[in-house]
Amino acid sequence: LFPRSPFKNHSFLQFKDMAQPTAAQRVVLVRYFLDRPGACLESSSSLFWNDPPAVCYARDVSAFLKSTGILVQGISVQIRLQEFSSYMNLEAFDLAGRSLDFRHSSAETPGRLDVRLTHEGRPEHAKESSSNLVPLGLFAFAMTAGLESAMTLSRLRNGTIERPFAVTYAVYAFWVGGLVQLVAGLYEAARNNIYGGTAFIAFGCFWLANGTELILTTFLAVPLDDELKGEMPWGLFVRDLYVLIFGLALFRQTLTMNRVSSIIITLLCIWLIAGIVSGWSEGFMWLKMIVGWVLSFSALYAFGAELTNEVHQREVMPMFPVTDNAEVWGACGKGLALQPMVIRLRHLSGKGSSYANF
């Protein structure tokens, strides 16, 4: 399992930091892995447990895992029951009075113990070092979608929205739709929220570009060249097509998060498709305007749910989660939180305990 070995002969297992077991000594191979998407026994790490009790109880397993550094605070343990092909919590294993029979294990025919580890996250008493800016990003997203829909309505029915509103729209598109989402995305990336960081940074930059164009055309009458003015359905088609592909990638991730995020991204994709076709069809422009309002209010609900549930530290407003992920617009990346735990478990030295690694 470890690519580098201090031994030149790789044709047999070498025991490190301990004496070679005798033929009569019991030996158990302990396979362990951290529960995460895609992880299973085939991707597990292994240790040898030399001379375990002939009849091993939950307390013996717990003591061994603690001595090796596998079981630490914030980690729960489940033992695989071979006869049922399932895992049982160590506490339930103890309450059931079950035991593991290692009487016939030896160095030649080691016994086997499969363990699944679950990272329970920070303890309840631990102080969160950073706040959650997902509600801020969601509100900026919702407000921008609403303003865009209002502008679309003004194009469809001239005079419905006052013409000076274009000035307000241009400024808010840049600062709220662009800058606020960008700041929220950068902050979420620092929190290791890969989903929120990716979505808010991308859409923040999208709206910074849109806001810049709106400010230039509204306040400075740019571009001055008449050839650069007018409708550009094919240009908008290419631009919105890339944004749609990005939205579909976001939608795929929401299927393992919660239903609220799935609904928002589904509406976003419909909104983008309607926008792509609206260059040639007024009917699709009406569809874009209507879906835009629904998208805006859906994002407002997500904003309210995320903010309320964060403040109350419980689910006051339902988010309909698919997994145990507590955030509406969040999914952890592996760079800052999960991966170091995996690396630590894979590189345990085993010094000071009665086992060996290979």
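The values are calculated or read from the model by the stated rules, or taken from the named source; none is laboratory data. Computed from a predicted model, the values in this text were never measured in an experiment. Glycine gets a Cβ as well: all are built from the backbone with ideal geometry, and neighbour counts include every protein chain shown. Ligands, DNA and RNA are excluded from the accessible area calculation, which covers all protein heavy atoms including side chains. Shrake-Rupley method; radii C 1.70, N 1.55, O 1.52, S 1.80 Å.
Structure above, values below:
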quantity: Odd one out for Val243, checked against (1) of a type in the set (A, V, I, L, M); (2) within 21 Å of Cys205 (Cα to Cα); (3) in contact (Cβ under 8 Å) with a residue 60 or more places away in the chain; calculated: (3)
quantity: Filter result (touching a Ser or Thr at 6+ places or on another chain (Cβ under 9 Å) and hydrophobic (A, V, I, L, M, F, W, C)) within segment 195-245; calculated: Phe203, Trp207, Leu236
quantity: Residue ID - surrounded by the fewest Cβ atoms within 10 Å (Cβ to Cβ), chosen from residues in segment 41-63 that are within 19 Å of Glu91 (Cα to Cα) and among the small types (Gly, Ala, Ser); calculated: Ala63
quantity: Residues satisfying the stated conditions in segment 283-307, i.e. of a type in the set (D, E, K, R) and closer than 13 Å to Ile273 by Cβ; calculated: Lys288
quantity: Selection count, segment 218-265, where residues are among the acidic types (Asp, Glu) and within 30 Å of the chain's Cα centre (by Cα); calculated: 1
quantity: Residue check, Tyr195 assigned to a helix (DSSP H, G or I) and over 16 Å from Gly247 (Cβ atoms); calculated: no
quantity: Restricting segment 270-289 to residues that are surrounded by fewer than 16 Cβ atoms within 10 Å (Cβ to Cβ) and not aromatic (Phe, Trp, Tyr), the residue that is farthest from Gly230 (Cα to Cα); calculated: Gly283
quantity: So Leu113, is it in a strand (DSSP E or B) and either surrounded by 19 or more Cβ atoms within 10 Å (Cβ to Cβ) or of a type in the set (Gly, Ala, Ser) (or both); calculated: yes
quantity: Some residue of segment 190-201 being free of Cβ contacts under 8 Å to residues at least 24 places away in the same chain and more than 26 Å from Val134 (Cβ to Cβ); calculated: no
quantity: Segment 271-289: number of residues that are in a helix (DSSP H, G or I) and either within 18 Å of Leu138 (Cβ to Cβ) or in contact (Cβ under 8 Å) with a residue 24 or more places away in the chain (or both); calculated: 10
quantity: Failed condition for Pro223, given (1) part of a helix (DSSP H, G or I); (2) free of Cβ contacts under 8 Å to residues at least 24 places away in the same chain; (3) open to solvent by 30 Å² or more (accessible area, probe 1.4 Å); calculated: (1)
quantity: When residues of segment 24-34 are limited to those that are part of a strand (DSSP E or B) and either at pLDDT below 90 or closer than 16 Å to Val77 by Cβ (or both), the one farthest from the chain's Cα centre (by Cα); calculated: Val28
quantity: Segment 35-66 - residue that is modelled with pLDDT under 90 and of a type in the set (D, E, K, R) and, of those, nearest to the chain's Cα centre (by Cα); calculated: Arg36
quantity: Of all residues in segment 64-98 being assigned to a loop (DSSP other than H, G, I, E, B) and open to solvent by less than 50 Å² (accessible area, probe 1.4 Å), the one that is farthest from Asn50 (Cα to Cα); calculated: Gly74
quantity: Scan of segment 135-173 for residues that are assigned to a helix (DSSP H, G or I), open to solvent by 50 Å² or more (accessible area, probe 1.4 Å) and either over 28 Å from Met319 (Cα atoms) or not aliphatic (A, V, I, L, M) (or both), ordered by number; calculated: Phe139, Arg155, Val167, Thr168, Val171, Tyr172
quantity: Subset tally (residues that are within 14 Å of Val28 (Cα to Cα), free of Cβ contacts under 8 Å to residues at least 60 places away in the same chain and either touching a helix residue (DSSP H, G or I) at 6+ places or on another chain (Cβ under 6 Å) or not β-branched (Val, Ile, Thr) (or both)) for segment 58-78; calculated: 2
quantity: Flag for Leu307 being part of a helix (DSSP H, G or I), closer than 29 Å to Thr152 by Cβ and either touching a strand residue (DSSP E or B) at 6+ places or on another chain (Cβ under 8 Å) or open to solvent by less than 70 Å² (accessible area, probe 1.4 Å) (or both); calculated: no
